[in-house]
Each structure stands twice: as structure tokens, then as C-alpha cells.
Amino acid sequence: MAQAPSQLPSEEWLDAALAGATVEEVFDDDGSLTGWWAENPDCLGAAAYGATHEEARTKLREVLRGWVQLGQELDHPIPSIREGEIAAPA
């Protein structure tokens with residue numbers, strides 16, 4: 001069951017979600033670095049692109065905030081925090 005909107009996304013949840021995120025370089029066809037792609041595999045569809053590593057993480061944090069809020073509105077299960085990391089719903 002989704003948690004109440006007033007409870008999520010907490011800064012602790014967002015920190016845990018970012019800790020579990022992957023950030024990868026993105027290259028164009030000639031091998032030039034074009035930016036960075038960030039996503040958390042436990043938050044399906046939540047991803048962000050940035051010109052720098054830090055920009056991608058900053059944008060992902062905002063995407064995750066919206067991802068949780070939309071999930072709550074749709075009554076989707078939200079991964080919980082367990083030992084400083086998010087855990088996908090059972």
C-alpha cells in the first residue's frame with residue numbers, strides 16, 4: 001500500500017534512492033561525451049539526463065520526488081527505506 005503523501009518523499013528517502021542510483025556517461029556516435037544518464041533500478045521509469053554527473057543526480061532527485069508523488073496519487077506501492085537504502089515493494 002502506498003504511504004500517505006505527507007510522509008513521502010522525505011529527504012531520507014530521496015537520499016537513499018540516490019545512493020542506489022546508477023550514473024553513466026553518454027556518448028554520441030563519434031565517441032564524444034555528451035552528458036550523463038542517472039536512474040534508480042528500483043524506481044521504474046525514473047531517470048534523468050544532465051550535462052554533468054552532478055546535474056544528472058540533481059535532476060534525478062527532482063524526478064524521484066515527482067515519481068513518488070504520482071505513485072501516491074495512483075495508489076502504487078512505493079519502495080520503502082531499509083538500512084539506508086530503498087527496497088522494492090514485495
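Once the range 47-90 is narrowed to residues that are of a type in the set (Lys, Arg) and within 23 Å of residue 24 (Cα to Cα), the residue that is modelled with the lowest pLDDT is 65.
Scanning the range 19-45 for residues that are within 18 Å of residue 70 (Cα to Cα) and touching a residue at least 24 places away in the same chain (Cβ under 8 Å) returns 40, 42, 43. Looking at 41, 9, just one residue is out of contact with any strand residue (DSSP E or B) (no Cβ under 8 Å at 6 or more places or on another chain), modelled with pLDDT under 95 and within 19 Å of residue 85 (Cβ to Cβ), and that residue is 9. For beta carbons closer than 8 Å, sequence separation of 6+ or different chains, a first residue in the range 63-78 that is small (Gly, Ala, Ser) and a second that is surrounded by fewer than 18 Cβ atoms within 10 Å (Cβ to Cβ) and modelled with pLDDT under 95, the qualifying pairs are 71/2; 71/77.
The values are calculated or read from the model by the stated rules, or taken from the named source; none is laboratory data. Keep in mind that this is a model prediction, so the values were computed, not measured. Cβ: placed from backbone, ideal geometry, glycine included. Neighbour counts: every protein chain shown.
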